[in-house]
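Structure, as structure tokens:
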Amino acid sequence: MNEERSPLVWPSQQTRTRVQDQKNNGAWKKTWAQYLSSLELELTRMGSTRFAVTWNDPRKCDGRDPGVAVWFSRKKGNEWRWQDILGIENPYPTVDDIDTAFKRRVKAVHPDLNPGADRAPYDALVDARKQAIDFVRGTMDLPKDFVIASDQYKEARQNLYAIIGTIQSLRRIERLGATQLFEGALHGFAGALPQTASESSHEPTATR
């Protein structure tokens, strides 16, 4: 689910703008809510399925820092590999079907039951189980592994609009057919949004 988070989570690889260097753009007059709607539209057009806008909402914290960071995901084309990994043919399985398929395959790849075995197949099986359950429960998500941030302007809504402009420029490169340039440019914004405690999950155990 797309969301707003407060306080601001700034990407560690990006330097901050000094207060004395921040500027104002009086031509950008729309509200935060209007720019937020525009952001969602642009990210959807770029293939993003989930995003989180982090900023210092003055209703929740000290809003003097106007920085905004938008963390987002993109489709990778492998969102449905869980069906093959788990060996599930039913396109609409139940959680019980998923657990049964997981238990049927986990014994052969679990590191505790197969000392010295490569851990990669087990990790893939665990990820496939999570993706399958998320699909059934309607909570399928992709990691927010890209971030675009701005603090060049004195108002959060103007920084949000600057981010929208950046995304529009990236999409313009893509529309021109320069796929490699687009992917290369986007790679410069790679960065994973730190998980909250509620997003962390425990590793499943093997069935003995």
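A short reminder: the numbers here are calculations on the coordinates, not readings from a lab. Everything numeric here is computed off the predicted structure, so don't read it as measured data. Methodologically, a virtual Cβ is constructed for each residue, glycine included, from the backbone with ideal geometry; neighbour enumeration extends over all protein chains shown.
Values for this structure:
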quantity	calculated
Label assignment, log10 I(q)/I(0) by the Debye sum over Cα atoms at q = 0.08, 0.10, 0.15 Å⁻¹ derived from the structure, set (1) -0.38, -0.57, -0.99; (2) -0.31, -0.48, -0.93; (3) -0.25, -0.39, -0.93	(1)
DSSP beta bridges in the chain [antiparallel fraction, %, rounded to 5]	75 percent
Dipole magnitude of the stretch 53-131 about its Cα centre (Cβ charges: Lys, Arg +1; Asp, Glu -1), debye to nearest 20	140 debye
Top positive-direction residue, dipole computed over the chain with Cβ charges, set Leu113, Tyr92, Gly26	Gly26
Packing-based order for 110-117, 28-35, 127-134, using average beta carbon neighbours within 10 Å, highest first	127-134, 28-35, 110-117
Unit charges on C-beta of K, R, D, E only; dipole of the chain, Debye	580 debye
Sum of -39500 (n - 2.57) over DSSP H runs of 4+, divided by residues of the chain (222 nm, nearest 500)	-12000 deg cm²/dmol
For the chain: relative contact order, % (alpha-carbon pairs under 8 angstrom, 6 or more apart)	28 percent
The stretch 20-78, dipole about Cα centre (Lys/Arg Cβ +1, Asp/Glu Cβ -1), debye to the nearest 20	260 debye
Chymotrypsin sites (Phe, Trp or Tyr not before Pro) lying in DSSP loop within the stretch 78-140, provided at most 15 other Cβ fall within 10 Å	Trp80
